[in-house]
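Q: Take a look at this one; I'll ask things after.
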Amino acid sequence: KSFKGIYRRLQFIGEKNNNVVIDDFAHNPDEIVAAVSAVQKMKKRLTAIFQPHGFGPLKFMHKELSEKVAGVLREDDSFYILDVYYAGGTVNKEISSEKVAEDISKLGKKAENVSKNELIKLFSDKAFEDEVILLMGARDPKLSDFAKEIFQVI
């Protein structure tokens, strides 16, 4: 209970109104399942947020990601997948975060593709109670700042 995490590995951002915000570097299916499983023990409900770090990696892992996320989420948990973090270059953009959210939803779990702005608005409008909010992703140097922004609006 006293573990505060290390930089971007279950990093404790803060606790407010009985809600906890945690930032994690998880960016592949096994790491995402491990992070989700670890923080689910903290609260009755989890809001997990994942930002994929490229179209190539997402295309490679999207089926496994969908299945593993659907397998670990509890009935009241939610999974938000942000738009792909694109660092540039020539890449096939045939996969999308929306497709992954659809696949998770088809497996009976709450999943939605949202933008960062939509998520901040959602969090500003929603009353959280006894929840852990877990932000996951890699490569985007501003992801930790986004976790702090989420903490400010809950």
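The values are calculated or read from the model by the stated rules, or taken from the named source; none is laboratory data. Please read these numbers as outputs of a predicted model, since none were measured by experiment. Cβ atoms come from the backbone with ideal geometry, glycine included; neighbour counts cover every protein chain shown. Accessible surface areas use protein heavy atoms only, side chains included; no ligands, DNA or RNA. Shrake-Rupley method; radii C 1.70, N 1.55, O 1.52, S 1.80 Å.
Q: Those residues that are open to solvent by less than 70 Å² (accessible area, probe 1.4 Å) and assigned to a helix (DSSP H, G or I), I need them from the stretch 9-46; list them, please.
A: Across the stretch 9-46, the qualifying residues are P29, E31, I32, V33, A34, A35, V36, S37, A38, V39, Q40.
Q: While we're on this one: Identify the residue in the stretch 123-145 that is assigned to a helix (DSSP H, G or I) and within 17 Å of I6 (Cα to Cα) and, among all such residues, is farthest from the chain's Cα centre (by Cα).
A: It comes out as D145.
To keep it simple, each residue is scored yes or no on (1) touching a residue at least 60 places away in the same chain (Cβ under 8 Å); (2) more than 24 Å from V153 (Cβ to Cβ); (3) of a type in the set (S, T, N, Q).
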site: T47; (1), (2), (3): yes, no, yes
site: L58; (1), (2), (3): no, yes, no
site: M61; (1), (2), (3): no, yes, no
site: E112; (1), (2), (3): no, no, no
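Q: Something else about it: Please work out if G137 is at positive phi and open to solvent by 40 Å² or more (accessible area, probe 1.4 Å).
A: No: the conditions fail for G137.
Q: Filter the stretch 52-111 for residues that are polar (S, T, N, Q), assigned to a helix (DSSP H, G or I) and in contact with a strand residue (DSSP E or B) (Cβ under 8 Å, 6 or more places away or on another chain); which is surrounded by the fewest Cβ atoms within 10 Å (Cβ to Cβ)?
A: If we take residues in the stretch 52-111 being polar (S, T, N, Q), assigned to a helix (DSSP H, G or I) and in contact with a strand residue (DSSP E or B) (Cβ under 8 Å, 6 or more places away or on another chain), then S105 is surrounded by the fewest Cβ atoms within 10 Å (Cβ to Cβ).
Q: Right, F3: aromatic (F, W, Y) and either in a loop (DSSP other than H, G, I, E, B) or in contact with a helix residue (DSSP H, G or I) (Cβ under 7 Å, 6 or more places away or on another chain) (or both) or not?
A: For F3, the condition - aromatic (F, W, Y) and either in a loop (DSSP other than H, G, I, E, B) or in contact with a helix residue (DSSP H, G or I) (Cβ under 7 Å, 6 or more places away or on another chain) (or both) - is met.
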